[in-house]
Protein chains: 2
Amino acid sequence: MARAALSTEEIRDKLRALPGWELREGYLCRSFEFRDFVEAFGFMSQVALWAEKLNHHPDWRNVYRRIDVALSTHDVGGISDLDFTLARKISDLAASLIR
Amino acid sequence: MARAALSTEEIRDKLRALPGWELREGYLCRSFEFRDFVEAFGFMSQVALWAEKLNHHPDWRNVYRRIDVALSTHDVGGISDLDFTLARKISDLAASLIR
């Protein structure tokens, strides 16, 4: 099931297929820089719709054109497959925006 | 001008008219809790449009239905009238959403 905590080894293994993301203090983290706030918040809006659709929401911070994303699965007290599903989606959305 | 740093006394004075906000580590801060993520991100979208319109953007963090907002004016290295303008707008938007 998606709702089981992955081991550190499993996480490190899966991270190899997810460039830009890293494990930091129990969170799957990645930072993004866009051209400006319009582009950054446009990206956040796309991520928000997917987060709601997946019923899995990021811990994220935005300062102007920068966004720091941290993912974990509260229910399991760690990182689950769901975090990787959302992380992959976030990377895809960013790739379609960042030139 | 809006782009001058306010003194701590001026800030404390203006904060009296702005319930819920406080000065913390050089930022004008307030936290909000909404019913769920849909409501929280809907609020963020409204704030984003106003931030862009005012050309003044928050440092903010969102975790599910919670949002922590921190405002300051980088150009002047402190809090300016612009932060109070945005803070007031944010309070108005929240008041129209929080029941």
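The values are calculated or read from the model by the stated rules, or taken from the named source; none is laboratory data. It should be emphasised that the depicted structure is a prediction, and the values quoted were computed from it without experimental measurement. Neighbour counts are summed over all protein chains in view; Cβ atoms, including those assigned to glycine, are modelled from backbone coordinates with ideal geometry. Surface accessibility is based on the protein's heavy atoms, side chains included, excluding ligands, DNA and RNA. Shrake-Rupley method; radii C 1.70, N 1.55, O 1.52, S 1.80 Å.
For the reader, a short list of remarks on this structure follows.
- Exactly one residue out of A:ARG24, A:ARG99 is modelled with pLDDT under 95 and open to solvent by 70 Å² or more (accessible area, probe 1.4 Å), and it is A:ARG99.
- Residue list for the range B:1-18, restricted to those being assigned to a loop (DSSP other than H, G, I, E, B) and farther than 13 Å from B:PHE84 by Cβ: B:MET1, B:SER7
- Entry remark, the range A:36-87: residues being assigned to a strand (DSSP E or B) and without any contact (Cβ under 8 Å) to a residue 24 or more places away in the chain number 4 in total.
- Boolean, B:SER45 is under 20 Å from A:ARG61 (Cβ atoms) and in contact with a helix residue (DSSP H, G or I) (Cβ under 8 Å, 6 or more places away or on another chain): yes
- Residue that is more than 24 Å from B:SER31 (Cα to Cα) and within 10 Å of the chain's Cα centre (by Cα), where the choices are A:ARG3, A:ARG35, A:ARG12, A:ARG88: A:ARG88
- Any hit, the range A:46-60, residues being more than 11 Å from chain B (Cβ to nearest Cβ) and open to solvent by less than 30 Å² (accessible area, probe 1.4 Å): no
- Among residues of the range B:61-81 being open to solvent by 20 Å² or more (accessible area, probe 1.4 Å) and over 20 Å from A:ARG66 (Cα atoms), the one that is nearest to the other protein chains (Cβ to nearest Cβ) is B:ARG65.
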